[in-house]
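Reviewing the structure listed below.
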Amino acid sequence: MGYGVRAVLVVALLALVCRWGVAQVGPRYVIELAGATAPAASRGQLQLAGKGLVLVRFQDLRLLVVEADGEAYSQYAVRGWPAADLLLVLPASAGRYDGLAPLRTLPDGMPVVVAEQGGAGAGDGAKDGATAGAGAGPRWYPMQPWNALDLRKHGTRLRVTAMPGAAGTVAMAGYLIEVGNSRASYRLYAGAAGLTGVTGTTSATSATGATGTTGATDAAGAPGAIGAAAAELARRLPGADLALLPGQDGPQLLALNRGAPPAHVQPAALTAAGHVFTPLRR
């Protein structure tokens, strides 16, 4: 075999290996949604949609974030949930979690992201949405740590990445949500963060790093501990802009400022007024 032929074969083999490598780091799921063309928007919004429900809106995309052990997670409350293009069910920690049963009354084909139970597929008998047939009920998208889902709806882009917990743990703690368009995006972490003991709330301005009156401390009454926890969370989530965390009195917002949270940052309650965000160029 001549040198030229061998060189061609080597190049072809390298190309195949590179394509395989790219496939491995690509998203586990890809969803393309149809719909009417919506005008481009420069801002998005987080809205409190119920106890344990947060609606993320950007352009014509609606993402509903659901606390699996929240009060609104029941087969009776599901009927009143706001319409959304995708449901994101946060990993359950403790309390009221009822498995996937409350979700089975959702509209047929509704895409739902859930935590995959180790080694046994999606918990409670949910089938992988990428391979399941077009039967009745929602389409499940079970995720393990570092799995990703890409969703596109016209010019709006969404990527959801399942994130592990603290170092040394294998369980999934939450999701990194990146929403935007071809020009800019906003990164939001939703899930548990280890900020236990946060008992109070602050003004919405303090959550974005601005000066404001604060009232949240840790169990020991030391606001600095929250700042340290925020710094650790930002280190684990480089590039994240904001964290959406469960709280005793409802969802809390914590500014991460793309990996450099303000020194005296405090969590702020997400209220009915909502929280407006602006995607950033990356």
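Which members of region 117-145 meet the condition of being part of a strand (DSSP E or B) and modelled with pLDDT under 90?
Scanning region 117-145 gives GLN117, GLY121, ALA122, ASP128.
Conditions (1) hydrophobic (A, V, I, L, M, F, W, C); (2) over 19 Å from GLY174 (Cβ atoms); (3) at pLDDT 90 or above, marked per residue:
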site	(1), (2), (3)
ARG6	no, yes, no
VAL17	yes, yes, no
ARG28	no, no, yes
ALA34	yes, yes, no
ALA68	yes, no, no
message = When the residues of region 138-189 are narrowed to those that are farther than 23 Å from PRO102 by Cβ and among the hydroxyl-bearing types (Ser, Thr, Tyr), which ends up surrounded by the most Cβ atoms within 10 Å (Cβ to Cβ)?
response = TYR189
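Inspect all residues belonging to region 80-100 and state whether any of them is outside any loop (DSSP other than H, G, I, E, B) and either among the polar types (S, T, N, Q) or at pLDDT below 90 (or both). Walk me through it before giving the result.
Step one: filter region 80-100 for residues outside any loop (DSSP other than H, G, I, E, B), giving 80, 86-90.
Subset that is either among the polar types (S, T, N, Q) or at pLDDT below 90 (or both): none.
Scanning region 80-100 turns up no residue that is outside any loop (DSSP other than H, G, I, E, B) and either among the polar types (S, T, N, Q) or at pLDDT below 90 (or both).
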inquiry  = Quick check on region 60-72: of everything there that is in contact with a Lys or Arg (Cβ under 8 Å, 6 or more places away or on another chain) and assigned to a loop (DSSP other than H, G, I, E, B), which residue is surrounded by the fewest Cβ atoms within 10 Å (Cβ to Cβ)?
reply    = GLU71
key: Pair list, Cβ under 9 Å, 6 or more apart: region 107-118 residue crowded, with 17+ Cβ neighbours inside 10 Å, other residue polar (S, T, N, Q)   = ALA115/GLN144; GLU116/GLN144; GLU116/ASN147
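The values are calculated or read from the model by the stated rules, or taken from the named source; none is laboratory data. Remember, predicted model here, so these are calculated numbers, not experimental data. No Cβ is skipped: glycine too gets one built from the backbone with ideal geometry, and neighbour counts run over all protein chains shown.
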